[in-house]
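Since every read-out is calculated from the coordinates, none of them should be taken as a lab result. This structure is a prediction, so every number in the text was calculated from the model and none was measured. Reconstructed Cβ throughout: ideal geometry from the backbone, glycine too, with neighbour counts over all protein chains shown.
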Amino acid sequence: MKQRITKNILEKRVALVNDLLGNAQEPWQADRDSNGNLVPNPGCHYIAGAYGGYRLEEMCNGGGARDISPRLTKRELYEWINAYIDGIERGMK
């Protein structure tokens, strides 16, 4: 029987992605800028969920985000992130 994939499991895999790439773990900094605006952590990967699906996104400069994966089920995203990690690790060799 397959292990149930939870959002917590996905977030742990994304934490590994951020560690491997040297990125912050949170998409937004804890402190706001002088105008009171949230400050992004560019390059930070995180899980976004909507419409019953999940995807991997990357924070961009200025606060926007780009899709890294398509919207998937938790199980599909888990497998997708594992492949992404494998690609990162192979690229570092």
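Counting just the residues of segment 1-37 that are under 22 Å from Glu79 (Cβ atoms) and of a type in the set (Asp, Glu), which one comes out surrounded by the fewest Cβ atoms within 10 Å (Cβ to Cβ)? Looking at residues that are under 22 Å from Glu79 (Cβ atoms) and of a type in the set (Asp, Glu), I get Asp19.
Strands (runs of 3 or more DSSP E) fully within the chain that include at least 2 residues being among the charged types (D, E, K, R): 53-59, 65-67.
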